[in-house]
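Asker: A single structure is presented below for examination.
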Amino acid sequence: MNELPQQLVNGLLLGSMYGLVAIGYTMVYGIVQLINFAHGEIFMTGGFGALTVWLILPSGTNVLLALPLMIIGAIIVATTIAVGAERFAYRPLRGGPRLAPLITAIGLSLALQQAVWAWYPGAKSARTFPEIPGGPFELGPVTIQTGDVFLLIAAPLSMAFLGYFVMKTRTGRGMQATAQDPDTAKLMGINTDRIIVVAFALGAAFAAIGAVAYGLKYGEVQFRMGFLLGLKAFTAAVLGGIGNIYGAMIGGLTLGVAETMAAAYISEVPGLEQLGGQSWANAWAFVLLILVLLFRPQGILGERVADRA
Amino acid sequence: MRHRSLLILTAVLTTGALTLTACGSRDDKNSGDSGTGGGTQTVVIGIDAPLTGDLSALGLGIKNSADLAAKQANATKHVDGITFKVEALDDQAQPSSGQQNASKFVANKEVLGVVGPLNSSVGESMQKVLADAKLVQVSPANTSPSLTQGQNWNGGEKVRPFASYFRTATTDAVQGPFAAQYLFNDAKKKKVFVIDDKKTYGAGLAGTFKAEFEKLGGKVVGTEHIDPETKDFSSVATKVKSAGADVVYYGGEYPAAGPLSKQIKKAGAKIPLVGGDGIYSGEYIKLSGAEGVGDLATSVGAPIDTLPSAKEFVENYKKAGYKEPFEAYGGYSYDAAWAVIEAVKAVVEANDGKLPSDAREKVAEATGKVDFEGVTGKVSFDEFGDTTNKQLTVYEYKDGNWAAVKSGELTS
C-alpha cells in the first residue's frame, strides 16, 4: 500500500500545530522585535488550563460538549499569563538593551515550567487528556483521527480570523502601523502599549488552541511539552519569515511536512540509512532551516527585514 | 524608578519560584528513620533513581522500597550496633545527574552502599565513580548486559568491568530472547516490527530480541528508531501499518511507549505492542489508554504477588503508608537494599561488632557473597555481579491492569 498520502496528512497536521504556535512568536517579534522564548510555556499552560476545566466538569461529560469550555479555559489561562508576562517581565525592560528581555524570556520559560511542575497536582509526570470518542475516518488511503479533525477545523479558522483582524479592524491596522514604525504610530495617536498587549494576548490565544489540539491528538499534557514544540514553532516562524503571520503558518506546514517526510523516507535513500527514521526528524528540520536561511535569509514569505534591527 | 521597582519585583518573583521548586525537590532527603541510640554507628544507604520527571513512577517505587528495607532492618535490630539511614537523590533519568549523585555519595563517608539507578544509561555513568571509591552499588533495574559483562559480552568475551557493581534485575541478554520465544512459540507471531529509542536500555533490548526472533525463524518486517522526547509518532505508526506486521516490539520506556502504542493502533494497525520491563508500569496503562489493551510486557522475576515471601513485603509496604505504589522494581529494590544490609552485617560481625576502617571495600566484597531468601526469590550474585535468579514473566494489559500470562526461565 502506498503510504505517501497518509504521511503527507501526518505532516500537515503536525505542521498546523506548529503554525498555530508560531503565530505568537511572529506577531510579538513583528511588533516589539522580541523573541518571546516563554511562548512555548504559554502554550503548555494553555494545555493545563483546558485540562483544569475538564477536571472541574462532572466526570462523564461528553468531550464534544466540554470542548468549547475547555478552549475558553485554555485561552483565559494562556492570555492571562502572557499579558502578565508582558506587563511585569517585558514592559519594564522595553527600551533597554535587546538582550535583557531575551534573557528574561528564557528565565520566565524556566519559571513557568517549574511552577507547573511543582504546583499543578500530578504534573510531575504526564497527565492524561480527554479524547474525542468515535472511530477514525477513512478517506481513501488516508486515516484521520477524531482528535485531528479539531486541528483541521481550528487551524484554518484561526488563520482566517487573524487575517481578518489584522486587515480589517482598527486594532489590527494599528498593529500593522506599530510594526512598521512604533514612534510614528504613536504620533498618529495609536496607543502602542495597548497594541503590544493585544499582540501578546492574540499569540497566547492561538497557542492555547494549539495546546488543546495537542492534548486531543496525543491524549496527554505534561510540563515539558512546550519546550521542544516551542523551539519548533520558533523555527517555523523563522522559516516562513519572522514578522509575517501568513509566513508563520506556511513555515509551520513546511516544517511539519519536511519532518514527517524525512522520518518516513530518508532511510530509503541509499547511503543515508543511518540518518533516517523518526529519531533524526529534528535534525532534518534544522537542516532545512539552515538551507532556507542560507539561500533566502528573510524566510519563505519574508516580509521586510526589520529596518531598525 | 517605577520601572526599576517592577524589574526588582519580577526578579524576586522569578527567583522565588525557582527557589521554591528547588526546595520541593529536595525535601524528600533523609526521609529514612533514624532513632539513633547511644553507641550505635550510622550506615547510610544511598538511593539514586528518577524521583521527578516522566519516569518518576518507577523511581519513587524504588526509593520507597529501599527505604522500607532500611526501616525493617532498624526495627528488628538486624545488625547490632548499626542504624541504617537512607539518602535519596534524584537523577531525573539523566546520566549526568547520576554521576553527580554518585560523587555526592562518595563524599559522604557514612554511605556504605548505593541502591539504584533505574536507567542503564545512568548506571553506566555512575559505575566508575563508585568503583574508584570501592563503594558498592546494587541496581534493582539496570538490564543492559554490558554493565556487568563488558562491551563485548555478545562476542563471547565476558569481562566484568567494575567489581563493585551488582544487580538484582535480570539482563536484556535474557529478557529480549525470552520475549522473542514467547511471541514466536506461544503467541504464534511471525512478522515483527522492531522500534527502539536508541538509549542503552532500549537499543540493547531491541537488539537481543531481534537476534533471537530471527534465529527462531520469524521475520523482521521493519525497524525504526524514535526520539522519546517528541510525542508525534505518526510517521512511524503509518510505516508500521503499511509494513503488515502482526506484532510490534518496542525497546524503551513507558513515557514514549504509551503514546506510541496508542498512535499505532489509531493509525489502523490493530496489533499488540510488546516491550520489556521499561513499559511494565501502571503509568503505561494510563498513557496507552483503551488502545493499549492486549499489549504485552516482560519483566524480571516471578509475579511479585504470587511469591509467598513477597506477601509480607506488600503488607509492610502498605503499613508504612507510602503515597506511591512500589511499581515494577519495588521487590528488587527491597532486595537490593537488603543485599547491602546483609553485607554490612557480615562485615560488622567479622570485625567484633564494629565497622572497620576500610568498610566500603569490605562491604563491596561481602555483597558478592550474600545469599538469602528475598521477596523476589533467592538473592545471590554470580561472578559478574548478576543475579542468579533468571526468572522472567510475560504480562498482558487486561482489565486496566497487568496480568501475568507466563512465567519461566529462558530456554536456550
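Asker: Of the conditions (1) touching a residue at least 60 places away in the same chain (Cβ under 8 Å); (2) closer than 22 Å to A:ALA66 by Cα; (3) surrounded by 15 or more Cβ atoms within 10 Å (Cβ to Cβ); (4) over 20 Å from the mean Cα position of the chain (by Cα), A:PRO136 satisfies every one except a single condition; which number is it?
Answerer: In the conditions (1) touching a residue at least 60 places away in the same chain (Cβ under 8 Å); (2) closer than 22 Å to A:ALA66 by Cα; (3) surrounded by 15 or more Cβ atoms within 10 Å (Cβ to Cβ); (4) over 20 Å from the mean Cα position of the chain (by Cα), A:PRO136 misses (1) alone.
Every residue, every condition in (1) modelled with pLDDT of 95 or more; (2) β-branched (Val, Ile, Thr), yes or no:
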site	(1), (2)
B:THR143	no, yes
B:VAL159	no, yes
B:PRO177	no, no
B:VAL194	yes, yes
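Asker: Return yes when B:GLY258 is among the small types (Gly, Ala, Ser), out of contact with any Leu (no Cβ under 8 Å at 6 or more places or on another chain) and within 11 Å of chain A (Cβ to nearest Cβ) and no when it is not. Talk me through it step by step, then tell me what you get.
Answerer: Details: among the small types (Gly, Ala, Ser): yes; out of contact with any Leu (no Cβ under 8 Å at 6 or more places or on another chain): no; within 11 Å of chain A (Cβ to nearest Cβ): yes.
Spelling it out, it is not the case that B:GLY258 is among the small types (Gly, Ala, Ser), out of contact with any Leu (no Cβ under 8 Å at 6 or more places or on another chain) and within 11 Å of chain A (Cβ to nearest Cβ).
Asker: Checking the structure you have, find out if any residue of segment B:67-88 is under 21 Å from B:VAL138 (Cβ atoms), modelled with pLDDT of 90 or more and within 14 Å of chain A (Cβ to nearest Cβ).
Answerer: No, segment B:67-88 contains no residue that is under 21 Å from B:VAL138 (Cβ atoms), modelled with pLDDT of 90 or more and within 14 Å of chain A (Cβ to nearest Cβ).
Asker: Take segment A:255-273 and flag every residue that is surrounded by 23 or more Cβ atoms within 10 Å (Cβ to Cβ) and either out of contact with any helix residue (DSSP H, G or I) (no Cβ under 9 Å at 6 or more places or on another chain) or of a type in the set (Ser, Thr, Tyr) (or both).
Answerer: Start the filter on segment A:255-273 by keeping residues that are surrounded by 23 or more Cβ atoms within 10 Å (Cβ to Cβ), which leaves A:255-256, A:259-260, A:262-264.
Result: A:THR260, single match.
Asker: Going through B:ALA257, B:ALA245 one at a time, which residue ends up being surrounded by fewer than 24 Cβ atoms within 10 Å (Cβ to Cβ), among the aliphatic types (A, V, I, L, M) and in contact with a strand residue (DSSP E or B) (Cβ under 6 Å, 6 or more places away or on another chain)?
Answerer: Residue meeting the stated conditions: B:ALA245.
Asker: Hey, another quick one. Among the residues in segment A:45-66, are any within 14 Å of chain B (Cβ to nearest Cβ), in contact (Cβ under 8 Å) with a residue 12 or more places away in the chain and within 24 Å of A:ALA237 (Cα to Cα)?
Answerer: Taking every residue of segment A:45-66 in turn, at least one turns out to be within 14 Å of chain B (Cβ to nearest Cβ), in contact (Cβ under 8 Å) with a residue 12 or more places away in the chain and within 24 Å of A:ALA237 (Cα to Cα).
Asker: Here is a further query. Given the criteria at the interface with another protein chain (Cβ under 9 Å from one of its Cβ atoms), surrounded by 20 or more Cβ atoms within 10 Å (Cβ to Cβ) and at pLDDT 90 or above, does A:THR79 qualify? Before you say what the answer is, go through the steps one by one.
Answerer: On the way: at the interface with another protein chain (Cβ under 9 Å from one of its Cβ atoms): no; surrounded by 20 or more Cβ atoms within 10 Å (Cβ to Cβ): yes; at pLDDT 90 or above: yes.
So A:THR79 does not fit the description; no.
Asker: Can you find, within segment B:306-322, the residue that is farthest from B:GLY282 (Cα to Cα) among those that are at pLDDT 90 or above and part of a loop (DSSP other than H, G, I, E, B)?
Answerer: Here the answer is B:GLY321.
Asker: Restricting the search to segment A:95-112, which residues are more than 9 Å from every other protein chain (Cβ to nearest Cβ) and in contact (Cβ under 8 Å) with a residue 12 or more places away in the chain?
Answerer: A:ARG98, A:PRO101, A:LEU102, A:ALA105, A:ILE106, A:SER109
Asker: Continuing with this model, one more query. Looking at B:LYS319, B:LYS286, can you tell me which residue is more than 14 Å from chain A (Cβ to nearest Cβ), among the basic types (Lys, Arg) and on the phi < 0 side of the Ramachandran plot? First the steps, then the outcome.
Answerer: Working: B:LYS286 fails: more than 14 Å from chain A (Cβ to nearest Cβ).
Only one candidate qualifies: B:LYS319.
Asker: Taking the conditions exactly as written (modelled with pLDDT under 90 and assigned by TED's automatic domain parsing to the domain that holds B:TYR254), does B:GLY400 satisfy them or not? Can you show your working first?
Answerer: Details: modelled with pLDDT under 90: yes; assigned by TED's automatic domain parsing to the domain that holds B:TYR254: yes.
Taking the combined requirement at face value, the residue satisfies it.
Asker: Looking at segment A:2-23, I want the residues that are within 9 Å of chain B (Cβ to nearest Cβ) and have a partner that is assigned to a loop (DSSP other than H, G, I, E, B) and buried (at least 19 other Cβ atoms within 10 Å of the Cβ) with Cβ atoms under 7 Å, at least 6 apart or on another chain. Which pairs are those?
Answerer: What qualifies is A:LEU14/B:ASP232.
Asker: Consider segment B:203-239. How many of its residues are charged (D, E, K, R), facing chain A (nearest Cβ under 8 Å) and out of contact with any strand residue (DSSP E or B) (no Cβ under 7 Å at 6 or more places or on another chain)? Lay out the reasoning, then the answer.
Answerer: The initial filter retains those residues of segment B:203-239 that are charged (D, E, K, R), namely B:210, B:212, B:214-215, B:219, B:224, B:227, B:229, B:231-232, B:239.
Of the ones still in play, those that are also facing chain A (nearest Cβ under 8 Å) are B:224, B:227, B:229, B:231-232, B:239.
Pick out the ones that are also out of contact with any strand residue (DSSP E or B) (no Cβ under 7 Å at 6 or more places or on another chain) and you get B:227, B:229, B:231-232.
Going through segment B:203-239 one residue at a time, the tally reaches 4.
Asker: Within segment A:229-250, take every residue that is over 11 Å from the mean Cα position of the chain (by Cα) and assigned to a helix (DSSP H, G or I) and give me the one that is surrounded by the fewest Cβ atoms within 10 Å (Cβ to Cβ).
Answerer: Here is the first cut: in segment A:229-250, the ones over 11 Å from the mean Cα position of the chain (by Cα) are A:238-247, A:250.
Then keep just the ones that are assigned to a helix (DSSP H, G or I); that gives A:238-240, A:245-247, A:250.
On the way: A:VAL238: 27, A:LEU239: 31, A:GLY240: 31, A:ILE245: 27, A:TYR246: 19, A:GLY247: 28, A:ILE250: 21.
This residue is A:TYR246.
Asker: Still on this structure, I have one more. Here's a check for you: in segment B:267-282, which residue that is buried (at least 24 other Cβ atoms within 10 Å of the Cβ) and either assigned to a helix (DSSP H, G or I) or of a type in the set (S, T, N, Q) (or both) is nearest to the other protein chains (Cβ to nearest Cβ)?
Answerer: B:SER281
Asker: Hey, B:PRO228 hits all of (1) buried (at least 19 other Cβ atoms within 10 Å of the Cβ); (2) within 16 Å of B:ALA269 (Cβ to Cβ) but one; which does it fall short on?
Answerer: Of the numbered conditions (1) buried (at least 19 other Cβ atoms within 10 Å of the Cβ); (2) within 16 Å of B:ALA269 (Cβ to Cβ), the odd one out for B:PRO228 is (2).
Asker: Six or more apart or on different chains, Cβ under 7 Å: which pairs go from a residue in segment B:135-161 that's without any contact (Cβ under 8 Å) to a residue 60 or more places away in the chain and more than 21 Å from B:LYS63 (Cα to Cα) to one that's surrounded by fewer than 16 Cβ atoms within 10 Å (Cβ to Cβ) and aliphatic (A, V, I, L, M)? Could you list them?
Answerer: B:GLY150/B:VAL159
Asker: Report, by residue number, each residue of segment A:268-286 that is among the polar types (S, T, N, Q) and facing chain B (nearest Cβ under 9 Å). Don't jump to the end; show me each part of the working.
Answerer: At the first step, the residues of segment A:268-286 found to be among the polar types (S, T, N, Q) are A:274, A:278-279, A:282.
Hits for segment A:268-286 are A:GLN278, A:SER279, A:ASN282.
The values are calculated or read from the model by the stated rules, or taken from the named source; none is laboratory data. Every value quoted in this text rests on a predicted model; they were computed, and no experiment measured them. Don't worry about glycine lacking a Cβ; one is built from the backbone with ideal geometry, like all the others, and counts go over all protein chains shown.
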